[in-house]
Amino acid sequence: MTEELYLVAYKDIEQKEIDESLWLKAMSHAGGDKLRAKWVYIELRVDQMLRDPSLRHSVSRKVSKPTHQSGAYMMWISVLFFLAVVVAAVSLDFESFKFDFTKGFKFLDLPSFLLVLPVSIFFGISATSWRSFGRCWTYSLGGAKQVTISGARSVARCLKVMGDVSLIMGIIGTFIGAILILQSMHTILNIGQPLSYVFIPLAYGVFFKLLTYVSEQRVRNLYLN
């Protein structure tokens, strides 16, 4: 319980929801040093909540931990269900209405994958930090125990940047493929197959954008909203 109260006091400072009387008292104790006053304020705030049962009860609801595991399981179930639907869609033979899973290998393209995923990851890291990137999946799956508001915001920003860049790179990859096909149009006998490969980078970009969007919204729901 005490750890949760310290977390509440720390969040009060980060969100600028400071008790003015306590802050003035903390500044007085710290001799006007704002950095020291923040830590004094946290101690005074925790002491205030420990002394006042009604106040302690009200903030306990504020820091009640969400059901991380149930949400994490649901997220994995959603991703697996999405993959199952996609695999079923690409494997279905519409002439015989039978599943041919070998057709799914036609949608695997290493150049498209390398064009979308690594670039989006590096842009996400450059926009935030390696630490934020490393926390993307622990935060979204609810595995983090001590989370700061600034840390959660950085993780959400990293997820958003990665998703946006993956979609943009998918569009760029599609344009590049279309340009290459147009340049070699006179030598292509069957344009259907190469034209289908043009849209694979876009499909990868949309898929990764969807995954990062859901992860970002989960981080915001758990730690920011």
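Tabulated data for the structure shown
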| read-out | value |
| --- | --- |
| Odd one out for Phe101, checked against (1) touching a Ser or Thr at 6+ places or on another chain (Cβ under 6 Å); (2) exposed (fewer than 14 other Cβ atoms within 10 Å of the Cβ); (3) at pLDDT 85 or above | (3) |
| Identity of the residue in the stretch 16-66, surrounded by 11 or more Cβ atoms within 10 Å (Cβ to Cβ), in a loop (DSSP other than H, G, I, E, B) and out of contact with any Gly (no Cβ under 8 Å at 6 or more places or on another chain), that ends up modelled with the lowest pLDDT | Val63 |
| Test: residue in the stretch 105-126 that is crowded, with 21+ Cβ neighbours inside 10 Å, under 15 Å from Glu216 (Cβ atoms) and of a type outside the set (D, E, K, R) | yes |
| Scan of the stretch 132-160 for residues that are crowded, with 22+ Cβ neighbours inside 10 Å and either of a type in the set (A, V, I, L, M, F, W, C) or farther than 26 Å from Met74 by Cα (or both), ordered by number | Cys136, Val155, Ala156, Cys158, Leu159 |
| Residue match in the stretch 205-217 (condition: under 30 Å from Tyr6 (Cβ atoms) and acidic (Asp, Glu)) | yes |
| Candidate set from the stretch 133-189 (those that are among the polar types (S, T, N, Q) and in contact (Cβ under 8 Å) with a residue 12 or more places away in the chain); member that is farthest from Arg218 (Cα to Cα) | Thr174 |
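The values are calculated or read from the model by the stated rules, or taken from the named source; none is laboratory data. These numbers were taken from a predicted model, which means no experiment stands behind them. Heads up, the Cβs are rebuilt from the backbone with ideal geometry, glycines too, and the neighbour counts pull from every protein chain shown.
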